[in-house]
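Reviewing the structure listed below.
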Amino acid sequence: MSSPPGVGVSARGNSSSYDTTERRFSIDRGRSSLDPDVRKGVHGGTVELDGGRLRLRVLLDRSMLEAYVNGTHSLTSRVYPTRQDATGLRLIAESGAARILELDVWQMNGAYDAHVAPAAYDPPRPTDVDALPNHDFATGDLTGWTVVSGTTFSDGNVTTRPDWGWGGPFYQAETEDDASGHHLWGFNPDRGGDDATGVLRSATVTLGGDGVVDLLVSGGNDPDRLYAAVVRAGDGKVLAKATGRGAEQYRRVVFDLSAHIGERIYVEVVDRATGGWGHINVDDVNVPVRRE
């Protein structure tokens with residue numbers, strides 16, 4: 001392939017590209033998956049072309065992607081597409097015109113002469129249930145949630161920021177319903193920062209489906225004063241809860257509450273901590289809600 005200012009190969013939402021201006025080859029996983037737990041991003045390095053020609057050998061082995069550049073450099077990455085039809089291949093040129101000298105495409109066989117299905121994320125969610133109102137804060141505010149007390153939670157805490165400004169990315173959920181990636185960041189410098197406290201509560205619903213609740217949580221590590229909990233509405237009993245781990249990067253927690261199917265519950269975000277790491281972040285609260 002002769003090289004214009006920028007050429008690339010896109011497969012299954014993943015893009016491998018070469019920028020001739022920067023002389024940089026990279027793999028961009030930004031659109032490779034709708035699974036909110038899959039880490040995305042761009043990584044690469046400098047590669048000099050051989051006589052202006054770019055030779056790529058790209059191997060996609062289930063979830064493993066390997067790209068070899070001009071026989072001298074390689075990049076390895078993991079991709080986990082969410083769509084079963086993410087099987088296409090596309091060649092792209094930007095700010096110029098690429099001339100393809102040779103192209104071979106083939107399908108790998110399995111290591112044991114057996115067909116292997118592409119790696120795909122298949123979230124185990126029941127289909128006969130509703131979702132918690134504004135479960136992923138996609139409205140951009142606290143619609144569907146109630147501030148029970150304090151000042152730490154407000155519409156101003158709902159953000160699309162991908163990072164917190166002094167470190168790395170949150171890795172919040174980015175789904176088909178909320179491509180902008182709204183999430184609840186418990187640190188609001190305009191409302192007291194880490195010293196502010198408060199309690200936020202979801203709508204009260206009937207737990208249905210398989211009774212499995214999952215959500216993204218990060219922030220300070222204080223299980224007694226800083227946590228997201230599933231609470232039984234009848235008596236206020238905390239059925240399950242999780243705190244942060246002293247990091248802004250989200251992790252997913254899963255609660256098996258199948259023993260409580262049919263009970264009225266709500267999700268409560270509690271911040272009674274002050275000082276350093278006195279905040280909690282929440283996103284993508286998945287509750288199987290029984291249809292009334």
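Observations
- Residues in segment 235-289 that are among the polar types (S, T, N, Q) and closer than 21 Å to Asp195 by Cα: Thr243, Gln249, Thr274, Asn281.
- Against the list (1) surrounded by 16 or more Cβ atoms within 10 Å (Cβ to Cβ); (2) free of Cβ contacts under 8 Å to residues at least 60 places away in the same chain; (3) in a helix (DSSP H, G or I), the condition Asp190 fails is (1).
- Filter pass, Val230 being part of a strand (DSSP E or B), of a type in the set (A, V, I, L, M, F, W, C) and open to solvent by 20 Å² or more (accessible area, probe 1.4 Å): no
- Of all residues in segment 252-273, at least one satisfies being open to solvent by 60 Å² or more (accessible area, probe 1.4 Å) and under 23 Å from Thr151 (Cα atoms).
- Matching residues, segment 222-268, being aromatic (Phe, Trp, Tyr) and at pLDDT below 95: Tyr250, Phe255
- Positions within segment 139-149 being open to solvent by 40 Å² or more (accessible area, probe 1.4 Å) and touching a residue at least 40 places away in the same chain (Cβ under 8 Å), in sequence order: Thr139, Thr146, Val147, Val148, Ser149
- In the set (1) in contact with a Gly (Cβ under 6 Å, 6 or more places away or on another chain); (2) open to solvent by less than 50 Å² (accessible area, probe 1.4 Å); (3) among the aliphatic types (A, V, I, L, M), the condition left unmet by Leu239 is number (1).
- Boolean, Phe153 is within 26 Å of Lys40 (Cβ to Cβ), among the aromatic types (Phe, Trp, Tyr) and surrounded by 20 or more Cβ atoms within 10 Å (Cβ to Cβ): no
- Any hit, segment 1-22, residues being on the phi > 0 side of the Ramachandran plot, modelled with pLDDT of 70 or more and surrounded by fewer than 16 Cβ atoms within 10 Å (Cβ to Cβ): no
- Selected residue [modelled with pLDDT of 90 or more and within 24 Å of Arg290 (Cα to Cα)] from Thr160, Thr139, Thr152, Thr175: Thr139
- Test: residue in segment 211-221 that is in a loop (DSSP other than H, G, I, E, B), open to solvent by 10 Å² or more (accessible area, probe 1.4 Å) and over 16 Å from Asp194 (Cα atoms): no
- Within segment 165-174, the set of residues being more than 21 Å from Leu200 (Cα to Cα) and open to solvent by less than 30 Å² (accessible area, probe 1.4 Å) comprises just one member, Gly168.
- The residues listed here are Gly71, Gly88, Gly110; of these, the one that is of a type outside the set (Ser, Thr, Tyr), touching a strand residue (DSSP E or B) at 6+ places or on another chain (Cβ under 9 Å) and at pLDDT below 75 is Gly88.
- Taken over segment 160-177, residues that are within 17 Å of Gly144 (Cβ to Cβ) and either of a type in the set (A, V, I, L, M, F, W, C) or not in a loop (DSSP other than H, G, I, E, B) (or both) amount to 1.
The values are calculated or read from the model by the stated rules, or taken from the named source; none is laboratory data. Owing to the predicted nature of the structure, the values given are computational and were not obtained by experimental measurement. Heads up, the Cβs are rebuilt from the backbone with ideal geometry, glycines too, and the neighbour counts pull from every protein chain shown. For accessibility, only protein heavy atoms count, side chains too; no ligands or nucleic acids. Shrake-Rupley method; radii C 1.70, N 1.55, O 1.52, S 1.80 Å.
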